[in-house]
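Q: Shown below is the structure under consideration.
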Amino acid sequence: MGEQRQPSSAGPSGSEHAGDYPRHYCGLFGVYNHEHAAELTYYGLYALQHRGQESAGIVTCRDGQFRAHRGMGLVPQVFTPKILTDLGGEMAIGHTRYSTTGSSHLRNAQPLAVDCSRGQIAIAHNGNLTNAATLREELEAGGSIFQTTVDSEIIVHLLAQPSTSKDGNLLHSLRRIEGAFSLLLMTTRELIGVRDPHGFRPLSIGRLGDAWVLASETCAFDLIQAEFVRDVEPGEVVIIDEQGLRSAPLFPEHRRRAFCIFEYVYFSRPDSVLAGRNVHQARVEMGRQLAREHPREADLVVPVPDSGNCAALGYSLESGIPFEMAFVRNHYVGRSFLQPSQLIRDFNVRVKLNLIRDLVRDKRVIIVDDSIVRGTTSRTRVNNLKEAGAKEVHVMVSCPPHRHPCVYGIDFPDASKLMAARHSMEEIRDYLKADSVAYLSQDGMVRATGFPQEAFCMACYDGCYPVPYNPALDKNIIESRCARVQTLGEEFARSEEQPRLL
């Protein structure tokens, strides 16, 4: 499951861009063998807040029993010192969420925890299962009763079923799911980390003294001063218990890799390291490549904070055009109970970023952002610059045009809502009212990461989906199906004669 981001140096918040930017994945953090597991998990989730801000949760294991707390909102809003003390335990997993499959409700907050015939199991999931609806129908037909509408619960039900597989129930169950999944699983004796065979989502291993930690991004290790050990490999199951860490291959013959390249472009924090490559350095190189591919004569390079900062710096370094932080970010904006649109035009955009007008007046400005999805926010930014007296505004985007929806955990809308899927470059320029618009090429984006093209999933750019999917299914398919079943049941009950007690 994915989630909106908190304002951070990684990129814009979901609220700031009013749906014009993609919303995000989820953040996972787990601890094994530390007396302050709950507190460490809190700090780990705090560092991963940019990956999800709809809900947060922690499940701990204390004296052989699970304790859980989940809530809607940001990590500091969900947890208090007393709650963390009450959770206790020496083992914990945590999750910060943006909904990818299943809507935004407390019942869908993770980690999920159950007590079944195999004992207590907790799960936290980052990603999206492409065969979720099929598996859920099969499980319900076999008598499974679901409490949520998230695809993550399907994995729990699979794990709870008896299995005669020689590889054991864990591997047998995981081999039945398809799509994108990085998982943390916890029993009363072990902490387990899993990555799907394509490696869509990141997951890393760290050490803190005698404790083991698992996290979606390495920036979480930095906060708690844990040592990075290595990444969980695609298709690897890592099991941590009192005997230490051991590994099991999930799909040993699988070779195709498909890491989401948008992690480098936008999602991950600049201080994280993905597959040995620092995110900040990759983004600066994307900006350099953008300047090589699309040189412009201009007086200033201006980023859209915060996600455009690194690429704009790279464009400035390569082109020699001065870099200026002309947009000032308000870091203290929450949701307003007012609807100010009738009072202040473009309030929801303007209240987040304000322009230093004297910097851009009578200047030719290059504005750098990481992506344009619907285009409404970018249009407002161009308008802000023109109103402030900029002579020219050139929009530069540090990734290729998004023309296809993502089915692996990013909330990219369907193609009908993607600007680049519906319009030519000239039409986009006219809509934005910019003097020019240019996107980084797909080759240039890949080159900036330092890895070959075969290492990535770039389906949102080129439409090549590594795992087949049914385009009729969206993130709310399970919830919609449940609502239809309930409605049919109510209609049936009304149409039938009610049974008599005597």
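Every residue, every condition in (1) in a helix (DSSP H, G or I); (2) within 21 Å of the chain's Cα centre (by Cα); (3) within 28 Å of Glu233 (Cβ to Cβ), yes or no:
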site	(1), (2), (3)
Thr149	no, yes, no
Pro162	no, no, no
Ser165	no, no, yes
Ala180	no, yes, yes
Leu184	no, yes, yes
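Q: Something else: Based on this model, can you work out whether Tyr315 counts as surrounded by 24 or more Cβ atoms within 10 Å (Cβ to Cβ) and more than 22 Å from Lys386 (Cβ to Cβ)?
A: So Tyr315 does not fit the description; no.
Q: Just to be sure I understand, how many residues within the range 433-449 are in contact (Cβ under 8 Å) with a residue 60 or more places away in the chain and in a helix (DSSP H, G or I)?
A: 6
Q: Does Asn383 fit the bill of being modelled with pLDDT under 90 and either assigned to a strand (DSSP E or B) or surrounded by fewer than 22 Cβ atoms within 10 Å (Cβ to Cβ) (or both)?
A: Here the answer is no, as Asn383 does not meet what is asked.
Q: Right, another one. Ile224: modelled with pLDDT of 95 or more, touching a helix residue (DSSP H, G or I) at 6+ places or on another chain (Cβ under 6 Å) and farther than 30 Å from Val395 by Cβ, yes or no?
A: Working: modelled with pLDDT of 95 or more: yes; touching a helix residue (DSSP H, G or I) at 6+ places or on another chain (Cβ under 6 Å): yes; farther than 30 Å from Val395 by Cβ: yes.
The answer is yes for Ile224.
Q: Hey, another quick one. Any residue that is β-branched (Val, Ile, Thr) and in contact with a helix residue (DSSP H, G or I) (Cβ under 7 Å, 6 or more places away or on another chain) - is there at least one of those in the range 44-61?
A: Yes, the conditions are met somewhere in the range 44-61.
Q: For residues that are more than 28 Å from Glu178 (Cα to Cα) and either out of contact with any strand residue (DSSP E or B) (no Cβ under 9 Å at 6 or more places or on another chain) or surrounded by fewer than 16 Cβ atoms within 10 Å (Cβ to Cβ) (or both), tally how many sit in the range 199-229.
A: 7
Q: Return the only residue of Gly94, Gly27 being touching a Pro at 6+ places or on another chain (Cβ under 9 Å) and closer than 19 Å to Phe181 by Cα.
A: Of the residues listed, the single one that is touching a Pro at 6+ places or on another chain (Cβ under 9 Å) and closer than 19 Å to Phe181 by Cα is Gly94.
Q: Give me a count of the residues in the range 164-208 that are farther than 24 Å from Arg255 by Cβ and either out of contact with any Leu (no Cβ under 6 Å at 6 or more places or on another chain) or in the same structural domain as Cys406 (by TED's automatic domain parsing) (or both).
A: Number of matching residues: 12.
Q: If a residue must be more than 24 Å from Cys61 (Cβ to Cβ) and of a type in the set (A, V, I, L, M), how many such residues does the range 137-176 contain?
A: Summing the residues that are more than 24 Å from Cys61 (Cβ to Cβ) and of a type in the set (A, V, I, L, M) in the range 137-176 gives 3.
Q: For the range 295-309, which residues satisfy the criterion of being in contact with a helix residue (DSSP H, G or I) (Cβ under 6 Å, 6 or more places away or on another chain) and either in a loop (DSSP other than H, G, I, E, B) or without any contact (Cβ under 8 Å) to a residue 60 or more places away in the chain (or both)?
A: Ser307, the sole residue that qualifies.
Q: Shifting gears a bit: Please verify whether His402 is crowded, with 22+ Cβ neighbours inside 10 Å and modelled with pLDDT of 90 or more, treating the condition exactly as stated.
A: Numbers: crowded, with 22+ Cβ neighbours inside 10 Å: yes; modelled with pLDDT of 90 or more: yes.
So His402 passes the test.
The values are calculated or read from the model by the stated rules, or taken from the named source; none is laboratory data. These numbers come from a predicted model, not from an experiment. Heads up, the Cβs are rebuilt from the backbone with ideal geometry, glycines too, and the neighbour counts pull from every protein chain shown.
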